[in-house]
1. At q = 0.10 Å⁻¹, what log₁₀ I(q)/I(0) does the stretch 184-308 have when each alpha carbon counts as one equal point scatterer in the Debye sum?
2. What order do you get for THR168, THR67, THR15 when you list them from fewest to most C-beta neighbours inside 10 Å?
3. Limiting things to C-alpha atoms, what are the Rg and the maximum Cα-Cα separation (Dmax) for the stretch 275-315, in angstroms?
4. Taking Cα pairs under 8 Å and at least six residues apart, what relative contact order does the stretch 244-333 come out at, in percent?
5. Which order do ILE131, ILE221 fall in if you start with the one that has the fewest other Cβ atoms within 10 Å?
6. At q = 0.11, 0.12, 0.17 Å⁻¹, what log₁₀ I(q)/I(0) does the stretch 244-333 have when each alpha carbon counts as one equal point scatterer in the Debye sum?
7. Between the stretch 171-242 and the stretch 96-133, what is the C-alpha centre distance in whole Å?
8. Give the average over all directions of the projected area of the C-alpha convex hull of the stretch 133-172, one decimal, in nm².
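No lab work stands behind these numbers, since they all come straight from the coordinates. Note that the coordinates shown come from a computational prediction; the quantities given were computed from them, not determined experimentally. No Cβ is skipped: glycine too gets one built from the backbone with ideal geometry, and neighbour counts run over all protein chains shown.
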Amino acid sequence: MAGPETIDRAMIGTTRRLNPHTNTLEWSRLPTSKLKNPHLDPERRESVLYRIHPELEKGRLIYQMGTANPERAVQAAKMVAADVAGIDVNSGCPKPFSTAGGMGAALLKTPDLLVDILTSLVEHVGKPYEIGISVKIRILEDPADTRALVSRLVKTGITGLTVHCRTTPMRPRERAIRDQLRMVGDICRTAGVACVMNGDVTSRAEALQLMREFSVDGAMIATEAEKNPSCFRPDAEGGPHEWKSQWKTVVAEYMQLALQVENRWGNTKYLLGQMIPGREDAYKRMNQSKCYTDVIRALGLDAEGDLLEKARVVDQHLGIPNAQLTPAQKRQRVKDSLQQGADQGEKEQSADQGEAKHETDRDEPDAKRIKVPDSAIVDGSMASTAEVATALAA
């Protein structure tokens, strides 16, 4: 099971801690955007970058990383290596935010760098922590280029390779191309590296069928899992739900888990938007929700045990009501916070000046106040020490 991609720079410098409310491990840090204005949200400055549930995910979760630098990759991987089952380098993401930094699918054009990254991770993280290092790629336009790339990657010491059966320019709506899959699987098998396929896999049953057909070791389900998490259910247990009529069952289960781990509200709402059919009235009500309490009511789950009370508690822990301010309210909140900071600064400066004056008086108890004659003032400013002395003598 692979977690969401996390950029190496984001993880470096985070703090690992146990959340007492959820029993999850969290890696958090102060967002760079708020460092410029620490008064933006003085009570909740830190953001959670990564989170795992040790009881449910220990030994199962793969940490997927976005990187373009061997040293940073190792540094970031060491932050989580003791708590995950493996480290995966994403060299398949085609989105500009990733490729612009030389990460993701951009690494397919710099194979030497990709090999260096994987080799460094194997030597400095995989072996010391006894976990697997893997990589995710896309097929290349020319099968010969794909063969050459995969042949190099499997020699780095990796334990797994996932191949997305689309080229970098292809969009998710375009059908996956599997004519290179068997070749990739053969190269991996010869090297003792597990090969996982990805692209247009919609259920557990289909995954098993494709694994047999192309002689690969596994299949990754991504897009379908966002829409219908029951896609992993074995046929022996009833298989995936028929979505149009049974989506409510899975959504109710999902909300239980989201509240249990206090999932980020924005992410929860996004996934609900994927799961709830767009024509359902519940979809519109969900879209209008501003917090967990709202969405529990919008989905008619307020009668489901103690979900509503859990939602209220989670909203409070996450400070969600405070986040649902209008732009004008947010600007005013920042302005008030800045003013409070300025007032506090003036008080501290005044106190410092008073203390300094007190110290001066104490150090010079015999000092006397004198009136400087007008003759000691030259063009509106104080004359030199010699001129003042002459004026006083006169």
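1. Values returned for q = 0.10 Å⁻¹ are -0.41.
2. THR15, THR168, THR67
3. Reported Rg and Dmax, both Å: 10.3, 31.
4. On the way: 61 pairs, mean separation 21.2, N = 90.
This gives 24 percent for the stretch 244-333.
5. Numbers: ILE131 22, ILE221 19.
By the 10 Å Cβ count, ascending: ILE221, ILE131.
6. -0.30, -0.36, -0.69
7. 23
8. Averaging across all directions leaves 2.9 nm² for the Cα convex hull.
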